[in-house]
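One structure is given here, and the rest of the page talks about it.
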């Protein structure tokens, strides 16, 4: 079953805890102190952007027909089955075509390593949910099966609708 990071933007406080947890999870030391002291600094693969009056956490959507995969001339960007697009380290040549075609702007260039960087859910490892989801204090980020997300949103809407019935 395909799992995805679902975002409830109305719950996001813009605290950037998800960005910090992501950067730590992708650091060499995997600790906050170690990540701060590393050179080069560890970087997040999730971005909290202002979308007044809300804050919007953005991360790779692992598109079914991913434009970054189609644009990659070396095959570094690849679909790893349903619901996961990854970037093979070392194969990327830094042409940044994937950066240019990403509709969400979440594939970014790392000029030092000449590698494209994006969420590939490496942080999940033996955990059951990504680091960004674990760190979210309000539940704005959840890791859910794709089929369940829409069902849960409908149920939430119906519960809210019933409150206003006479």
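Here are a few things to note about the model shown:
- Three principal axis lengths of the stretch 4-101 [C-alpha, angstrom, descending]: 37, 34, 23
- Rg/Rh ratio calculated on Cα atoms of the stretch 61-118 (Kirkwood radius): 0.92
- Between helix 146-163 and the chain: long-axis angle, C-alpha atoms, 0 to 90°, nearest 10: 30
- The chain: most fluctuating residue of 43, 113, 79 per GNM, C-alpha cutoff 10 Å: 113
- Share of Cα-Cα pairs in the chain lying beyond 26 Å, as whole percent: 32
Quick note: the coordinates plus some simple rules give every number you see, no bench work behind them. Because the structure is a prediction, the values reported are computed rather than measured.
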